[in-house]
Amino acid sequence: MRSTLLVGIVLLIGVATALFNIEHNAQFLREQLQETQRQIVENKMEIHTLKAEWAYLSHPQRIRDMAQRYLDVGRIEAKHVARVESIAIRKQVVAVNEAQARY
Amino acid sequence: MAVIQKVISVDGLIIRSLTVCKQRIWVSLVLFAVSFSMLGWRIVELASMSGEGAQRMFTRNVTYTASERPNIVDRNGVLLATNLTVASLYANPSKILDAEEATLALLEAFPDLSVKQVYKALSSDKQFMWIKRNLTPEEQKQVNRLGIPGIYFREEEKRVYPHGNLLAHVMGFVGTDGKGMMGIEKYMETNAQKYQEEPLQLTIDIRVQEALYTELERARAIFSAQGAVGIVQQVNSGEIMGLVSLPDFDPNNASQITSASTFNKATFGSYELGSTMKPLTMALALDKKVLSLDERLDATKPLRVGRHSISDHKPQNRWLTPKEIMMHSSNIGMARIIEKMGEKPQEKFMRALDFDKQLTFSLPETSAPLLPHRWAGIQAMTIAFGHGIALTPLHLTTAFSTLVNGGYKVVPALVAQESAGKGEQLLSSATSRIIARMLRDVVSEGTGGKANAMGYRVGGKTGTAEKLVNGRYDRKAKISSFIGVFPSDKPEYVVYVMLDEPQGTKDTFGYATGGFTAAPAVGKIIEQIAPMLDIMPVQEVTEHTTQPDISAQRPRSLALN
């Protein structure tokens, strides 16, 4: 009877300790989760703001001004546009390509 | 006897106590047993819980939405309007220790605030006084560094338009309470529920809008016009690619807005548009076979109708074919056409084009055209050359889309989700092709030459109408416009430019007509937007080349050998 009681008490202490540990770990993880979720919301907010900034910086007028200032390009005119088919490919180049393909 | 009873009583008490004691021990034992078995059960439960079960319990949908107000984007997804969370600064004067010191400190950070106002606010006996709203993150940091007690931030939402006034009349703006007051923002008040997941997508292409805006602003400046309108519309779907009305405003600064700047000349203003309306009656007459391309009409002298006299701006004094009537923009010719056709078909056609009502359009700022009281002979004649009827530019542009898209009615669309296709056919496809060809002739040989963007087969019609000022037509106040169509062999887009009271310059020899003021702008706009819209240019052979022009030659192989 006495030994059963002792075993019972030991088991009890064991179970209580185990449960306490589990609860403790769970609590820790729960806090971590909340923190991560808070960070997610913060990051999404930052992304949202950045998207708005991106739109602002991509204002066509701004791009146009910068292109005029830093790039040496002019406006696209009709004479700058052509179809790929209208470019004649040299027979020599075609032969070389075929040779390479066979290899 | 009493002693024995006491003993008995004492015994009874002891026994009862013992019994109670035993009962209590049992109760506790049972309670503990129950509690610990519950614990044990919980452990078993936790140990046996599956991964998904745990996930379900602990993850909720972590969504972030700045607000419930949807974003607005253009047809390519470019962000046009969004809500951002900003901090606004307020004070609780009852917590301010020294109003003077606090005022001076605040003015260090915000020198543009008024000393008097800030001091008054800080020394008042209210509990809440705004100091400055919508601070930038930098300004926020500054205030924090000052460390003034009694000053707090409140997070607010601000509607932000990254493109500024580029789309002013299309977007509209929101009031201080965040409610849409005009434009698409106002449209959103009654339609927001459709756009919870996806942003509200417009048919506008921001690049087209930019090209339209720049050229319009340039033309307005050169010709010192009071205002200007520009519209680019897709002819087969009625979708609006660009819409500009000048003067305009910056929706980011709603407090600076005036009523003049918010007036949408493109959709709300009604004007006698003049000769740009001629192709409508011309197309109808050809469609009804009342007129044929090779017949001639008498434009030798002004036409008298009752007490009215109809004359031409540049009289040709001969009989004209329909093509010549269009190229020389002859009012007499158009009147002759009405003589042949009668006014009823014209009235029916124009009512079918919604010229008698407000257009169904997402912008709330639309108006119905002004029609004459009667639609008899003389009215029909003046309407044929664009007088006696006041339309909005959007009405005309949409009617032109119908003219050149094969004759199908279209409805102007600004919101992508509400774009409809072609409606009923009002003219035959053959007529549509003929009129498109005629419009091309106006540009290649007639009054619209300055709109000719090389390679893009631009067609169109000029219009110069005197405005009614105090009941009389004022020669100095014109509505000069040009409506362009490209590419005219298979029309895709209509481009409309209108200038309100332009003044002639030295370069235009003092003329402020549509051909000199609006047509060049349309040409420049088409040059820029055609590549964006995937319109291939053709190599046109120019007639006046003195040097061999590379672009005019047929494509040769590149000189690699």
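The values are calculated or read from the model by the stated rules, or taken from the named source; none is laboratory data. The structure presented is a predicted model; accordingly, all values stated were derived computationally and were not measured. Here the Cβ is made from the backbone with ideal geometry for all residues, glycine too, and neighbour counts use every protein chain on show. The area values use the complete protein model at the heavy-atom level, side chains included, leaving out ligands, DNA and RNA. Shrake-Rupley method; radii C 1.70, N 1.55, O 1.52, S 1.80 Å.
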On the protein heavy atoms, probe 1.4 angstrom, tell me the percent of accessible surface of chain B carried by carbon and sulfur.
54
Could you tell me what a quarter of the Cα convex hull surface of the protein assembly as shown works out to, in nm² with one decimal place?
62.2
Taking loop as defined by DSSP and a crowding limit of 11 other beta carbons within 10 Å, which GluC sites (Glu not before Pro) in segment B:404-483 fit?
B:Glu424
If packing is taken as the average number of other Cβ atoms within 10 Å across a peptide's residues, how do B:85-96, A:66-77, A:35-46 rank, most packed first?
B:85-96, A:35-46, A:66-77
For the full complex of protein chains and a 1.4 angstrom probe, list B:His308, A:His80, B:His313 by accessible area with the highest value first.
B:His313, A:His80, B:His308
Would you mind giving the mean number of other chain beta-carbons within 10 Å of the Cβ of each residue in A:15-23, as a whole number?
3
For B:Trp41, B:Trp375, the accessible-area ranking with a 1.4 Å probe, largest leading, is B:Trp41, B:Trp375
Do the sum for chain B: with -39,500 (n - 2.57) for every DSSP H run of n ≥ 4, divided by all residues, what is the mean residue ellipticity at 222 nm, to the nearest 500 deg cm²/dmol?
-11500 deg cm²/dmol
Å² of accessible area per residue within segment B:92-186, as computed with a 1.4 Å probe and no ligands counted
58
Can you list the residues, at least 5 places off or on another chain, whose amide H is less than 5 Å from the amide H of B:Gln503, using H built in the peptide plane?
B:Ser224, B:Ala225
Heavy atoms of A:Asp65: accessible area, 1.4 Å probe, square angstrom to 10
60
Probe 1.4 Å, protein heavy atoms only: B and A together bury a total accessible area in Å², to the nearest 100, of 3400
Pairs from A:Lys51/B:Lys357; B:Lys289/B:Lys478; B:Lys179/B:Lys409; A:Lys51/B:Lys179; B:Lys348/B:Lys506; B:Lys301/B:Lys461 whose Cα-Cα separation, in the structure shown, is over 32 Å
A:Lys51/B:Lys357; B:Lys289/B:Lys478; B:Lys179/B:Lys409; B:Lys348/B:Lys506
What's the angle, to the nearest 10 degrees (0 to 90), between helix B:2-48's Cα axis and the longest principal axis of chain B?
30
With θ set to phi - 60°, apply the Karplus curve 6.51 cos²θ - 1.76 cosθ + 1.60 along segment B:431-441 and write out the HN-Hα couplings as whole Hz, x wherever there is a Gly or Pro.
4, 4, 5, 5, 5, 5, 5, 5, 5, 5, 5
Scan around B:Thr300 for amide H atoms under 5 Å from its own, H built in the peptide plane at 1.01 Å from N, and keep only partners 5 or more places away or cross-chain.
B:Arg318
What aspartates and glutamates sit close enough to B:Lys476 to cross-link, taking a C-alpha to C-alpha distance under 16 Å and skipping anything fewer than 8 places away on the same chain?
B:Glu272, B:Glu466, B:Asp500, B:Glu501
Non-local amide H neighbours of B:Glu156 (under 5 Å, H modeled in plane, Pro and chain starts lacking H): which ones?
B:Val86, B:Ala87, B:Ser88
Among B:158-170, B:467-479, how do they line up by average Cβ neighbours within 10 Å per residue, starting with the highest?
B:158-170, B:467-479
Please compute, for peptide B:524-535, the average count of beta-carbon atoms on other protein chains lying within 10 Å of each residue's beta-carbon.
2
Threshold 40 Å² - residues in segment B:152-174 whose accessible area is reduced by that much or more when the chain is no longer isolated, probe 1.4 Å
B:Pro162, B:His163
Based on the alpha carbon coordinates of chain B, what radius of gyration and maximum Cα-Cα distance (Dmax) apply, in Å?
37.5, 156
Provide a whole-number value for the mean count of partner chain Cβ atoms within 10 Å of the Cβ atoms in peptide A:82-89.
3
Angle between the Cα long axis of helix A:60-70 and the longest principal axis of chain A, 0 to 90 degrees, nearest 10?
60
For B:Ile151 the rounded accessible area (nearest 10 Å², probe 1.4 Å, non-protein molecules ignored) is 30
Once the whole set of protein chains is in place, how much accessible area is left on B:Met241, using a 1.4 Å probe, in Å² to the nearest 10?
10
Can you classify chain A as rounded, prolate or oblate using the Cα gyration tensor, where a ≥ b ≥ c are the square roots of its eigenvalues, rounded means a/c under 1.5, and otherwise it's prolate if a/b beats b/c and oblate if not?
oblate
For segment B:227-275, accessible area per residue (1.4 Å probe, heavy atoms of protein chains only), Å²
27
